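K.L.:
Let me give you the structure first, and then I'll get to my questions.
The values are calculated or read from the model by the stated rules, or taken from the named source; none is laboratory data. Note that the structure is predicted; figures quoted are calculated from it, not measured. Virtual Cβ from ideal backbone geometry, glycine too; neighbours counted across all protein chains shown.
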Amino acid sequence: MAFDGIVTANLVFELNSKLTGGRISKISMPESDEIILNIKNNSQNYKLLISASPSLPLMYLTDEIKKNPSTAPAFCMLLRKHIGNARIISIKQQGLERIVEIIFEHFDELGDICHKKLYIELMGKHSNIIFTDLSDKILDSIKRIPSHLSSLREVLPGRSYFLPESLKKAEPLSTCFEEFSVLLRNSKQNLGKTLYMSFSGISPLCSDEICLRCGINSEAACDSFDTDTITHIYNIFNILLDDVKQSVFYPRIIYKNGVPVEFASFNLSSFKSPVYETVIYTSISSLLYDYYSQKSRYERIRQKTAELRRHINSLLEKNNKKYALQEKQIIDSDKKEKFKIYADLINTYSYDLKGGEDILICKNYYDNDNEISIPLDSTMSASENAVNYYEKYSKLKRTKEALSSEIKKTRSDIEHLNSILVSLDLLEDDDDLLQVKNELVQYGYIKKRSSVKDTKIKSKPLHFISSDGFDIFVGKNNYQNEEITFKKAVSDDWWFHAKGVPGSHVIIKCEGKEPTDKTFEEAAGLAAYYSKSGKNSKVEVDYVRRKNIKKVNGTAPGFVIYHNNWSMSINPSNKLHEVKK
């Protein structure tokens, strides 16, 4: 992800168009490193969230409501005192740095017009929100930085605001060819690293994009370039930055398998479909909110399910070992018929045995009278040897009968656990997680905590609308698969499932009409996408009328058998319009 100088420029352009001239109506500080400015402008109310979190520095317009502490922090009180009713005069970016300067106009205690500045530095662990007067004297900051924490710059009331020289890089928007050429020729690093280390606001993502557009490997050494190559790189570099100079931006989020992996405010050439999906935005604030909320939700769900995943994988490992052992025992138990034959032949030819023999060689009338050698215990009589073999036969027969049901149970547990792992990949919120946990408890895979109270589960199946207007439902877990197949669907609806792998049940609601080929392909794409094979380029999907789906008694929820089905090979996709809950 790249909250770089170009994204910052995009954000400043949007904020200027909506907030400049507006008046502060409220200031709050829901977190120790975060403020929210409520601004009224042109009869519209806006909320500007500014976060100096070291792990997630952010700034964007939002509608999100956050709970505030009962007592406002000192920094919040200072802002309220000075700019609680101030007007925003300008919003500027410092070159192409990730630094935004907001200038406020307000009246002091004597009624005179004054100006204050708010510097927002969105620079990772060095992020800060610094409040100064017009001459850049620091009044306070959301994070105070004394000299013992930084020898480069103190950020304390009374000090002057400035950027340390170590943070200053070449300004890409005004760099001439001569300066650009010198930087590249003198660099001992590769091209990719030189671009983002030498120029302010250029992220590794942006650097890689420039290299890709140049047709030059980002690992290429800069000191190997001739003048023509440097000229070519400079021209491509400027073509990308010309859009920034003209405030032309292309905000977008890149998704892979439904997970946001990257965002930018310029076109990205390297993220191609069908592996990646690009969603275009008109508002950079909306993009930032969606990206970070989705990313945060995905990471939060992954963290919450980490222990469950480890537990399920441990159970799968045990069951797979158990299944392998049971299969070996089944193979061994197939020897039982041999022992019965031995016993029968010993009884038949016992008259040839005088006692003390350790082998009987005779004709096997079960095998066209071919000769057979039967091991004997020389300390036993013929009848005792026969009884011994009959007992071995009976024991193996009982073993196989018991194993037949046990191996079926083990195989069922493996299939069930694999299906639950797929369900964990489809979680969207805590309600989905609760439903999966309930299934694990119900089938004895985890114990229910006595302190946990039963709560009403609100999780619902996914609901899409096909291009031709048909409702398509997708189960996110086994309970929901059971629900949409046996409660929501009727006999003439169509049912889809990825062939031979755990995955979601998908239903097309026909309502008396026959779906188009396009709708069939879209439903199959969803069945492929929401399955264990969802990351493959092609997935085989079975589809059949709902009336041909049967539930087997005693099986886990969502486990069915079917007949009279068709199949198609399809690209996994979830690009349909989703109906939100």
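K.L.:
Do you know which residues across region 534-581 are at positive phi and surrounded by 12 or more Cβ atoms within 10 Å (Cβ to Cβ)?
P.N.:
558
K.L.:
Scan region 391-410 and report the pairs whose first residue is closer than 17 Å to residue 553 by Cα and whose second residue is assigned to a helix (DSSP H, G or I) and modelled with pLDDT of 90 or more, with Cβ atoms within less than 8 Å and a gap of 6+ or a chain change.
P.N.:
410/319; 410/322; 410/323
For every residue, the table says whether it meets (1) modelled with pLDDT of 90 or more; (2) assigned by TED's automatic domain parsing to the domain that holds residue 141; (3) closer than 30 Å to residue 242 by Cβ; (4) basic (Lys, Arg).
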position	(1), (2), (3), (4)
12	yes, yes, yes, no
19	yes, yes, yes, no
40	yes, yes, no, yes
47	yes, yes, no, yes
62	yes, yes, no, no
67	no, yes, no, yes
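K.L.:
Just to verify a result, which residue in region 152-180, among those that are over 15 Å from residue 197 (Cα atoms) and not in a loop (DSSP other than H, G, I, E, B), is nearest to the chain's Cα centre (by Cα)?
P.N.:
155
K.L.:
Does region 191-208 include one or more residues that are charged (D, E, K, R), in contact with a helix residue (DSSP H, G or I) (Cβ under 7 Å, 6 or more places away or on another chain) and either closer than 26 Å to residue 29 by Cβ or surrounded by 14 or more Cβ atoms within 10 Å (Cβ to Cβ) (or both)?
P.N.:
Taking region 191-208 and keeping what is charged (D, E, K, R), we get 193, 208.
Pick out the ones that are also in contact with a helix residue (DSSP H, G or I) (Cβ under 7 Å, 6 or more places away or on another chain) and you get 208.
Checking which are either closer than 26 Å to residue 29 by Cβ or surrounded by 14 or more Cβ atoms within 10 Å (Cβ to Cβ) (or both) leaves us with 208.
Yes: one or more hits.
K.L.:
Just wondering, is there one or more residues in region 282-303 that are surrounded by fewer than 18 Cβ atoms within 10 Å (Cβ to Cβ) and among the aliphatic types (A, V, I, L, M)?
P.N.:
no
K.L.:
For the condition over 20 Å from residue 23 (Cβ atoms), surrounded by fewer than 16 Cβ atoms within 10 Å (Cβ to Cβ) and charged (D, E, K, R), what is the one hit in 125, 81?
P.N.:
125 is the lone residue from the list that is over 20 Å from residue 23 (Cβ atoms), surrounded by fewer than 16 Cβ atoms within 10 Å (Cβ to Cβ) and charged (D, E, K, R).
K.L.:
Collect the residues in region 90-105 that are within 16 Å of residue 134 (Cβ to Cβ) and buried (at least 21 other Cβ atoms within 10 Å of the Cβ), keeping them in residue-number order.
P.N.:
If the condition is that a residue be within 16 Å of residue 134 (Cβ to Cβ) and buried (at least 21 other Cβ atoms within 10 Å of the Cβ), then 91, 102, 104 are the ones that fit.
K.L.:
Give region 416-443 a look and list any residue that's closer than 11 Å to residue 503 by Cα and among the acidic types (Asp, Glu), or say none.
P.N.:
Hit for region 416-443 is 425, nothing else.
K.L.:
Checking residue 254 against (1) in contact (Cβ under 8 Å) with a residue 60 or more places away in the chain; (2) under 27 Å from the mean Cα position of the chain (by Cα), which test does it fail?
P.N.:
All conditions pass for residue 254, except number (1).
K.L.:
Please enumerate the residues belonging to region 344-358 that are surrounded by 10 or more Cβ atoms within 10 Å (Cβ to Cβ) and outside any loop (DSSP other than H, G, I, E, B).
P.N.:
Correct list: 344, 345, 346, 347, 348, 350, 352.
K.L.:
A further question on this structure: State which residue pairs qualify: first residue without any contact (Cβ under 8 Å) to a residue 24 or more places away in the chain and farther than 14 Å from residue 339 by Cα and inside region 378-389, second residue loosely packed, with under 14 Cβ neighbours inside 10 Å and not polar (S, T, N, Q) in any location, beta carbons under 7 Å apart, and separation of 6 or more residues or different chains.
P.N.:
378/356; 378/358
K.L.:
Then there's this: Quick one: would you say residue 145 is crowded, with 19+ Cβ neighbours inside 10 Å and under 28 Å from residue 59 (Cβ atoms)? Talk me through it step by step, then tell me what you get.
P.N.:
Working: crowded, with 19+ Cβ neighbours inside 10 Å: no; under 28 Å from residue 59 (Cβ atoms): yes.
No; evaluated as a whole, the condition is false for this residue.
K.L.:
Tally the residues that are buried (at least 23 other Cβ atoms within 10 Å of the Cβ), of a type in the set (Ser, Thr, Tyr) and over 22 Å from the mean Cα position of the chain (by Cα), restricting the search to region 476-504.
P.N.:
Residues that pass the stated criteria total 1.
K.L.:
Can I ask one more? Please go through region 327-368 and give me each residue that is among the aliphatic types (A, V, I, L, M) and either modelled with pLDDT of 90 or more or more than 21 Å from residue 382 (Cβ to Cβ) (or both), ordered by number.
P.N.:
Result: 330, 331, 341, 343, 345, 346, 359, 360, 361.
K.L.:
Pairs, please: C-beta under 6 Å, at least 6 apart or cross-chain, first residue farther than 14 Å from residue 87 by Cβ and in region 26-48, second of a type in the set (Gly, Ala, Ser)?
P.N.:
33/52; 33/53; 34/51; 36/28
K.L.:
Which one of these does residue 62 not meet: (1) over 32 Å from the mean Cα position of the chain (by Cα); (2) surrounded by fewer than 22 Cβ atoms within 10 Å (Cβ to Cβ); (3) touching a residue at least 40 places away in the same chain (Cβ under 8 Å)?
P.N.:
If we test residue 62 against (1) over 32 Å from the mean Cα position of the chain (by Cα); (2) surrounded by fewer than 22 Cβ atoms within 10 Å (Cβ to Cβ); (3) touching a residue at least 40 places away in the same chain (Cβ under 8 Å), just (1) comes out false.
K.L.:
Do you know which residues across region 272-326 are at pLDDT 90 or above, closer than 30 Å to residue 570 by Cβ and not in a helix (DSSP H, G or I)?
P.N.:
Correct list: 278, 279, 280, 281.
K.L.:
May I pose another question? Can you report the number of residues in region 2-60 which are on the phi > 0 side of the Ramachandran plot and in contact with an Asp or Glu (Cβ under 7 Å, 6 or more places away or on another chain)?
P.N.:
0
K.L.:
Suppose we keep only residues that are in contact (Cβ under 8 Å) with a residue 24 or more places away in the chain and of a type in the set (S, T, N, Q) within region 314-345. Which one would you say is farthest from residue 437 (Cα to Cα)?
P.N.:
333
K.L.:
On to the next question. Failed condition for residue 533, given (1) touching a strand residue (DSSP E or B) at 6+ places or on another chain (Cβ under 7 Å); (2) of a type in the set (S, T, N, Q); (3) over 29 Å from residue 440 (Cα atoms), with all others met?
P.N.:
(3)
K.L.:
Taking region 47-89 only, how many residues are assigned to a loop (DSSP other than H, G, I, E, B) and closer than 21 Å to residue 140 by Cα?
P.N.:
Of the residues in region 47-89, 12 are assigned to a loop (DSSP other than H, G, I, E, B) and closer than 21 Å to residue 140 by Cα.
K.L.:
Same structure again: Show me the strands (runs of 3 or more DSSP E) entirely contained within region 110-151 in which 1 or more residues are of a type in the set (Phe, Trp, Tyr) and at pLDDT 95 or above.
P.N.:
Working: elements: 113-121, 128-133, 138-141.
Because the criterion is at least 1 residues that are of a type in the set (Phe, Trp, Tyr) and at pLDDT 95 or above, the strands (runs of 3 or more DSSP E) in region 110-151 that meet it are 113-121, 128-133.
K.L.:
Looking at region 61-110, which of its residues are within 30 Å of residue 206 (Cβ to Cβ) and among the basic types (Lys, Arg)?
P.N.:
At the first step, the residues of region 61-110 found to be within 30 Å of residue 206 (Cβ to Cβ) are 61-64, 88, 90-103.
Of everything in region 61-110, those that are within 30 Å of residue 206 (Cβ to Cβ) and among the basic types (Lys, Arg) turn out to be 92, 98.
K.L.:
As an exercise: evaluate residue 263 against (1) assigned to a helix (DSSP H, G or I); (2) buried (at least 17 other Cβ atoms within 10 Å of the Cβ); (3) among the hydrophobic types (A, V, I, L, M, F, W, C) and give the number of the one condition it does not meet.
P.N.:
The number of the failed condition is (1).
K.L.:
May I ask you to list pairs of residues, at least six apart or on different chains, whose Cβ atoms are under 6 Å apart, with the first in region 265-280 being touching a residue at least 24 places away in the same chain (Cβ under 8 Å) and the second being part of a strand (DSSP E or B)?
P.N.:
277/255; 278/252; 278/254; 279/253; 280/252
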